[in-house]
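See below for the structure under consideration.
What follows draws every value from the coordinates through simple rules; no lab data is involved. Computed from a predicted model, the values in this text were never measured in an experiment. Neighbour counts are summed over all protein chains in view; Cβ atoms, including those assigned to glycine, are modelled from backbone coordinates with ideal geometry.
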Ligand SMILES: [Fe+2]
């Protein structure tokens with residue numbers, strides 16, 4: 001693979017660069033001769049990437065550009081700032097656009113969990129809204145995002161994958177755009193309360209003591225504190241943050257709510273969160289594949305979920321082939337749940 005040539009550089013797609021913008025990090029071309037392979041500066045980070053530069057790349061059929069690894073943060077910020085333009089640019093292949101959405105979201109989550117200050121919470125919220133706009137406008141976008149989301153298992157990208165799976169599932173269930181936006185932001189933010197818990201406990205290998213588990217159980221309430229401090233006033237974010245560990249049979253935390261006491265968004269979040277825990281690579285267990293995760297949920301954890309909703313989730317994550325007419329799904333009846 002090309003990026004193995006030097007671990008100091010990472011490849012980026014030329015289509016992710018908008019003309020007449022300043023990228024904020026140096027862009028390189030890979031120059032290969034029989035004698036050597038080297039990186040040549042193509043556009044400085046503070047210079048405008050103009051039409052002429054773009055045209056040259058097209059004329060030379062250049063498929064990859066490179067940035068210095070140490071500057072990737074600046075590049076992700078560039079993608080985030082230009083997100084709406086990039087994802088609505090139909091000249092960029094949809095898989096490419098989805099990768100950009102995914103990369104920018106992953107970077108954002110990393111920032112959020114390193115420092116949950118209000119600016120980062122706000123970024124997560126705005127990003128969630130854009131992501132929902134992206135997937136509802138184009139079913140192909142949803143499809144490609146889902147493909148990435150269920151096939152990647154890295155810890156850092158996992159919150160993003162879970163937000164993607166959750167949002168698309170919410171869309172499948174027939175949630176409206178407004179609810180979906182709040183829902184997507186809620187899923188991205190739901191564990192933000194964990195930033196108030198010591199990493200010694202969060203990353204502990206092996207079984208937690210009762211005291212340690214009691215501390216972990218406080219993260220939904222800590223999450224609400226973080227949201228309140230950052231001025232988040234939307235309903236879905238709060239509901240998901242406080243209810244994502246409540247079980248259908250009343251055995252969850254923090255309040256032991258059951259059945260209809262749990263909001264639809266909380267019920268979905270519970271399913272998505274367990275799916276996350278089982279499929280993510282964690283310090284205490286190896287990740288398992290989606291199918292095995294669903295079976296584990298069905299066999300050993302069904303009491304945690306609204307059974308009917310769980311069945312819908314299994315159907316939703318079934319083999320995804322949009323060309324298959326049998327996959328035409330019926331819209332789920334959300335009216336019986338407390339969604340207001
Ligand atoms: Fe949680």
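Going by neighbour counts of Cβ atoms within 10 Å, the residues 89, 191, 111 line up, fewest first, as 89, 111, 191. Computed over every Cα-Cα pair of the stretch 168-234 and binned at 5 Å starting from 0, the pair-distance distribution P(r) comes out as 4, 15, 20, 17, 14, 13, 10, 6, 1 percent. Working from label points 7 Å from Cα in the Cα-to-Cβ sense, the residue 113 to residue 69 distance is 2.0 nm. For the chain, the longest principal axis of the alpha carbon atoms and the long axis of helix 177-189 meet at an angle near 90°. Using the Cβ-Cβ distance between residue 205 and residue 291 with R0 set to 25 Å, the FRET efficiency works out to roughly 0.40. Sorted ascending by nearby beta carbons within 10 Å, beginning with the fewest, 13, 198, 91 become 91, 198, 13. Packing, taken as the mean count of other beta carbons within 10 Å per residue, orders the peptides 262-269, 171-178, 58-65 from highest to lowest as 262-269, 171-178, 58-65.
Stretching residue 216 away from residue 36 to a fully extended chain increases their span by 59.5 nm, per 0.36 nm per residue minus the current alpha-carbon distance. Hydrodynamic radius of the stretch 1-81 by the Kirkwood approach over all distinct alpha-carbon pairs: 12.9 Å. So if I average 1/r over every pair of distinct C-alpha atoms in the stretch 221-314 and take the inverse, what Kirkwood radius in Å does that give? Final number for the Kirkwood radius of the stretch 221-314 is 13.9 Å.
Given a cut-off of under 8 Å on Cα pairs at least six residues apart, what relative contact order in percent is computed for the stretch 1-56? This gives 34 percent for the stretch 1-56.
Please report the relative contact order for the stretch 3-150, taking Cα pairs under 8 Å with a sequence separation of at least 6, and give it as a percent rounded to a whole number.
Relative contact order for the stretch 3-150 comes out at 22 percent.
Secondary-structure-derived ellipticity at 222 nm for the chain, considering helices only, amounts to -16000 deg cm²/dmol, per-run term -39500 (n - 2.57) for DSSP H runs with n ≥ 4. For the chain, the longest principal axis of the alpha carbon atoms and the long axis of helix 264-279 meet at an angle near 60°. Once C-alpha pairs closer than 8 Å and six or more residues apart are averaged by separation and normalised to the residue number of the chain, the relative contact order reads 13 percent.
Applying a 10 Å radius around every beta-carbon, put 113-126, 294-307, 94-107 in order of their mean neighbour count, most first.
Most protected by this proxy first, the peptides run 94-107, 113-126, 294-307.
Against the main long axis of the alpha-carbon atoms of the chain, helix 72-81 sits at an angle near 70°. By the beta-carbon count within 10 Å of each Cβ, the least crowded to most crowded order of 9, 253, 275, fewest first, is 253, 9, 275. From largest to smallest, the equivalent ellipsoid semi-axes obtained for the chain from the alpha-carbon gyration tensor read 38, 23, 19 Å.
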